[in-house]
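The values are calculated or read from the model by the stated rules, or taken from the named source; none is laboratory data. Fair warning: this is a prediction, and the values are worked out from it, not measured in the lab. Neighbour counts run over all protein chains shown; Cβ positions are idealised from the backbone, glycine included. Side chains are part of the model used for accessible areas, which takes the heavy atoms of the whole protein and leaves out ligands, DNA and RNA. Shrake-Rupley method; radii C 1.70, N 1.55, O 1.52, S 1.80 Å.
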Amino acid sequence: MTRSNNKHDNHGDRVESEIIKYLHSTSERPCLSDFVGQNYDFVLECSPVGQSLKDFWTTNFDHAVKKLNIKTINVRAKSPDWGVIALSILEKSERSSITTTKKGTKRSSKTDSCSLTTANCQKLTDLITNMKNENKWEFKRDDNTISYLEDVMLTHIKKCSFEHCALSLIFDVDDKVWDNYLTENEKESLAGSDDSSLPDIPESVQSILVKCSKIIERTLKEAGKMTKQQQQKEIVDNLHEYVESIEGFDPYKEFNEHWVVDTLRHFISLYRWNVLERMNSHEWSEIDFVLQAWSQLDKVFRNIFVDTKRDVSCVATLARVNNERCVDGLMPISEQAKSVRPDLVLYKEDVEYGLGEAGKHDLSGIGKKEIVETQLHSPKLLKDMFLRAAAKVGNDEGFVRKFKTVCFNQTCFRMSISVLDCPKGIVCRMNTTEEYQIPKSVLLFSSGIIPIIKLTLQAKMIVEKSVRLLEQLTNERGISQPGFKSQRRNKINTVHIPPCLTVESYKKTKTNNEVPLSTATSSSSSTASS
């Protein structure tokens, strides 16, 4: 006990000594914000865990001022941004808390929700606790009281023993856990207004798809006494006749219409030869579903020069899980951790705008692979991509509030689209569309193929808007005066969003006394999750 107290006293003496040193050396009227600015790394190093940064440093600064009997304090000076400081502490602790001892021990949370340590929750607790309310996502409760989304999420974070999107500050609008904290009206308000809705389908495309629906409706009325097989053949033939009669669209000027017609041809051909009826998850592989159905949707991105790469590493996640690699002089440079390989990455000029995950087993949404990928793995990758794009424009607030990344959730024949953005505060929000299914029978063409074509086109329009936004901000940034990274730390009109949580393996050599919140043992908890 005495040894522990001595260590605490030495730490307090060091803080007091550094503040007194500043008070003696400054030629201006001293203030806490000036001390923090001049001794930023020292403040990060000596800030306590689990205690208010504002209270700790204000108390120590005031004590040193009284000890030296200084009267001329700059009381009008702006208070330090403790939220930014807490974020810097969080990022620094991620680099130094654990030593990697085995190559490839970090990977995405693609297979399970991993067990947490006390430090995982405490770091985020300190960050949110020290944030100014003006920097949080403010919203109105049903009783007209003001609340903040970061504080609501913190309530759940403190209860977590296993990884959840909240620990990466991702608010999944459709996550059932928020039913315990928010009403339906409050969730609907947080889900967004017109700014977060899907873009409208062009009228030229809409007219083509409406015509297809009318052809199917008319054919079914006229084929009342036909067998099901005859009805299907009649619908396929009538749809084919209509599609081939459409006047050719110029792929340079009318690409979306050209792609829609090409996609209709593709699926009509699948129905003509009963390909979809023969496909099942027991005899067909995941790649078969991609080749027969989903890869056709990839072609929609060609005219905006966004590449659709299959089974490649996610660069944004690779950067995050290796963020601690540096020369610190204290230990060897850690070996490079591996990234994950999504089934699809939307890529253009070193920026990732979205991803896709496919699966072949249809368990009606309750399969573990689908649950983990849609509720944990994919949201984290979307945020990684979001933050890497934001960093390219200096985390400009105007960019952060408008940029979006998208995800194609494709399991067997089912598909939905998830969209991630950050309209307020430091929380990233994820909205997911209704789910649609490629029907095995052409009789249900209107309820499956048509909405999937629309969804794909809407996702493309979101990506296209994000591409234009990044290109515009990048060009504007090129005109501005270059500067040092350290000078941009407290730059106005920027938003610094914390990175996703990287959960470490318990096979690693610990350099601190973290205690796992759960002692559950499984194959997934023995490796690191990003």
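Only Lys, Arg, Asp and Glu count, each charged at its Cβ (+1, +1, -1, -1), so figure out the dipole size of the range 405-477 about its Cα centre, rounded to 20 debye.
Value, rounded to 20: 40 debye.
Output wanted: per-residue J couplings in Hz (rounded whole) for the range 295-305, from phi through Karplus 6.51 cos²θ - 1.76 cosθ + 1.60, θ = phi - 60°, x for Gly and Pro.
For the range 295-305, the Karplus-derived couplings read 5, 5, 6, 4, 5, 5, 8, 4, 6, 9, 6 Hz, x marking Gly and Pro.
So for the chain, averaging the separation of alpha carbon pairs under 8 Å that are six or more residues apart and normalising by length, what relative contact order in percent results?
Computed over the chain, the figure is 22 percent.
Rounded to the nearest 10 degrees, what's the angle between the helix 2-25 long axis and the longest principal axis of the chain, both from Cα atoms, 0 to 90?
Rounded to the nearest ten degrees, it is 80.
Straight distance only, please: which lysines reach the Cα of Lys253 with their own Cα at less than 17 Å, same-chain residues fewer than 8 apart left out?
Those lysines meeting the cut-off are Lys299, Lys460.
Cut-off under 19 Å on the C-alpha distance; same-chain residues fewer than 8 positions from Lys233 excluded. Which aspartates and glutamates are left, in chain and number order?
Output for Lys233: Glu217, Glu222, Glu241, Glu244, Glu277.
Can you compute the FRET efficiency between Glu45 and Val312 using 1/(1 + (r/R0)^6), with r the Cβ-Cβ distance and R0 = 35 Å? Round to the nearest 0.05.
So the FRET efficiency works out to roughly 0.35.
On a 0 to 90 degree scale, rounded to 10, what angle separates helix 255-272 from the longest Cα axis of the chain?
The answer is roughly 60 degrees.
With the radius of gyration and the Kirkwood radius both derived from the Cα set of the range 167-256, what is their ratio Rg to Rh?
Over the Cα atoms of the range 167-256, Rg/Rh equals 1.23.
Once the whole set of protein chains is in place, how much accessible area is left on Leu124, using a 1.4 Å probe, in Å² to the nearest 10?
Around 10 Å² of this residue is reachable by solvent.
Where both residues lie in the chain, what percent of DSSP beta bridges are antiparallel, nearest 5?
Beta bridges within the chain, antiparallel portion: roughly 75 percent.
So, in nm, how far is label Thr183 from label Ser33 when the simple model puts each one 7 Å beyond its Cα toward the Cβ?
Reported label-point gap for Thr183 and Ser33 is 3.9 nm.
Search the structure for amide H atoms under 5 Å from the amide H of Arg429, placed 1.01 Å from N in the peptide plane, and list their residues when 5 or more places away or on another chain.
Those lying under 5 Å, H to H, from Arg429 are Phe171, Asp421, Cys422.
So what does the Cα-only Debye profile of the range 220-273 read at q = 0.15 Å⁻¹, as log10 I(q)/I(0), no solvent term?
For the range 220-273, the Cα-only Debye profile gives -0.50.
Pairs Lys214/Lys380; Lys348/Lys380; Lys159/Lys383; Lys225/Lys440; Lys369/Lys440: which are spaced more than 30 Å apart, C-alpha to C-alpha?
Going by Cα-Cα distance, Lys214/Lys380 fall outside the 30 Å limit.
Along the positive direction of the dipole of the chain (beta-carbon charges: Lys, Arg +1; Asp, Glu -1; about the Cα centre), which of Phe255, Thr117, Ile201 reaches farthest?
Thr117
Per residue Cα convex hull volume for the range 223-323, in cubic angstrom?
Looking at the range 223-323, the number lands at 135 Å³ per residue.
Output ³J(HN,Hα) for the range 235-248: one whole-Hz value per residue in order, computed from phi by the Karplus curve 6.51 cos²θ - 1.76 cosθ + 1.60 with θ = phi - 60°, and x for Gly and Pro.
5, 4, 5, 5, 5, 4, 4, 5, 4, 6, 7, 5, 5, x
Work out Dmax and Rg for the range 115-268 from the C-alpha atoms and quote the Rg first, both in angstrom.
Here Rg and the maximum Cα pair distance are 25.7, 72 Å.
Where in the range 352-368 does the amide nitrogen come within less than 13 Å of the point 7 Å from the Cα of Ile304, taken along Cα to Cβ?
Residues passing the 13 Å test: 352-355.
Give the value in nm², to one decimal: projected area of the alpha carbon convex hull of the chain, averaged over all directions.
Answer in nm², one decimal: 30.8.
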